[in-house]
Amino acid sequence: MTHFAALVVSAVLFKLLGGQIFTPLSVVLAGLIFFLRYGVDAGLRQALEVFLLQFGALIYMLANQEPSYYEHAALIFCLAPAAHRLRELGRIVAAEGTVLLVFAYIVWSLAWSANTGMTLAGIYMSALCMVFLLVYVLTFGADLQQIFRKVVQLVAVIMVGSVVVGAIGHGSAGQTFTGVTLHRNQFGFLLGLLILLGLFRLRAQVTGRYAFGVAVSAAFLVYIDSKSSIIAIALTAVLWFVVTAKRWRIYTALVALGIAAFVVSLPSPKMDHFAMRMGRDPTFTSRTEIWADSAKLLAEQPYTGFGYNAVWSAFENRLSQYRDAPGPKYGHAHNAWIDWGLQLGVGGWLVYILF
């Protein structure tokens, strides 16, 4: 409970102080806890190390897609207690060969990168996050149930913190409720994570705690009106149910029938009618234009892309020739598959699908 309360306070401070103040402060806090553990007994030291891991994961949850160098510095402090487990980390990576394959392909993209410095920075950040994930698994003994509970606890911290900042008038950005996060879609993704984990748990055993979590998360999701998150979560939940059901053929047929009925009910199968049905403008807030221009750029180097983390560099923006393509203004293509293709091409897609 003490850990939970401390994490809630951290999430609230992130919102009240803003990223520019909280992220340097998080490095100081993580550093203090790291050095404090040297002066306590073994039991408390282990508790502090677990808290550091949870604190690092919370920082990453609150970061909006691209964690800053401050946040990565905090992650290093969170990882430092596990430095003696490098051999175990190596065994885990070797056991799951596709992890090494993805990372090797990312490193190989240095050979054709449009901006080597940005690619090197991306490799460093990705390696750090990969190691953090492995340490997280090792710390909890690869016990899926324990890891599951810890992740649910973190998302619950986000929800409780969001209620707190909302009650004191700091949970909104413009007309939308974002809780302690920076954007409603980011908040929606975390709510969706809690919904999916809750459904996974309820499928095995119905418990009041998880049923309550799923219901509250769904209510929040409707309240913040993040249509992107609602669509993604609904589709993921349906697909997960179908592929894990014993009578999956029947459910697959019902899903196909529902999709057909939806398409037939549209005045036209065009994207603009679908968008208006969802309460969005026909371009999905310029996304379709961005996708079209990104596809044109991808056609220039379809096999290799432009190098990992090198496409949206402010120093050499390869997308500036296209009016609506992502650049410093957007930072990404609003589509993970297009993003990955622009960075690593068709070869990168194949490696990613295999992973």
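Read-outs throughout are calculated quantities, based only on the coordinates presented, and are distinct from any laboratory measurement. On a predicted model such as this, the values are computed, not experimentally measured, just so you know. Here the Cβ positions follow ideal geometry from the backbone for every residue, glycine too, while neighbour counts run over all protein chains shown.
Observations, loosely collected:
- Length-normalised contact order of region 86-190 in % [C-alpha pairs under 8 Å, at least 6 apart]: 14 percent
- Burial order of peptide ranges 226-237, 142-153 (average beta-carbon count within 10 Å, highest first): 226-237, 142-153
- In order along region 144-155, the Karplus-derived 3J(HN,Hα) couplings, from 6.51 cos²θ - 1.76 cosθ + 1.60 at θ = phi - 60°, round to 4, 5, 5, 4, 4, 5, 5, 5, 4, 4, 5, 5 Hz, and Gly and Pro are given as x.
- Helical runs assigned H by DSSP (4 residues or longer) give the chain a calculated mean residue ellipticity at 222 nm of -23500 deg cm²/dmol, each run adding -39500 (n - 2.57) before division by the residue total.
- Between the amide H of TRP112 and any residue lying 5 or more places away or on another chain, no distance stays under 5 Å, with hydrogens modeled in the peptide plane.
- At 1.002 mPa s and 20 °C, Stokes D of region 128-243 from Kirkwood alpha-carbon radius, µm² per second: 142 µm²/s
- The string of couplings for region 332-344 from the Karplus curve (6.51, -1.76, 1.60, θ = phi - 60°) is 6, 8, 6, 7, 4, 5, 5, 4, 5, x, 4, 7, 10 Hz, one whole number per residue in order, with x for Gly and Pro.
- Each peptide in 197-210, 338-351 was scored by the mean count of other Cβ atoms within 10 Å over its residues; highest first, the order is 338-351, 197-210.
- Amide H to amide H distances under 5 Å link GLY305 with GLY345, VAL346, where only residues 5 or more positions off or on other chains count and H is placed in the peptide plane.
- Backbone phi angles across region 92-102, fed through the Karplus curve with coefficients 6.51, -1.76 and 1.60 (θ = phi - 60°), yield HN-Hα couplings of 5, 5, 5, 5, 10, x, 5, 5, 5, 5, 4 Hz in residue order; Gly and Pro are listed as x.
- With contacts taken as Cα pairs under 8 Å and at least 6 residues apart, the chain reaches a relative contact order of 18 percent.
- Taking amide H atoms as placed 1.01 Å from N in the peptide plane, the amide H of HIS334 has no partner under 5 Å among residues 5 or more positions away or on other chains.
- Shape box of region 19-142 [Cα atoms, principal axes, largest first, Å]: 50, 38, 20
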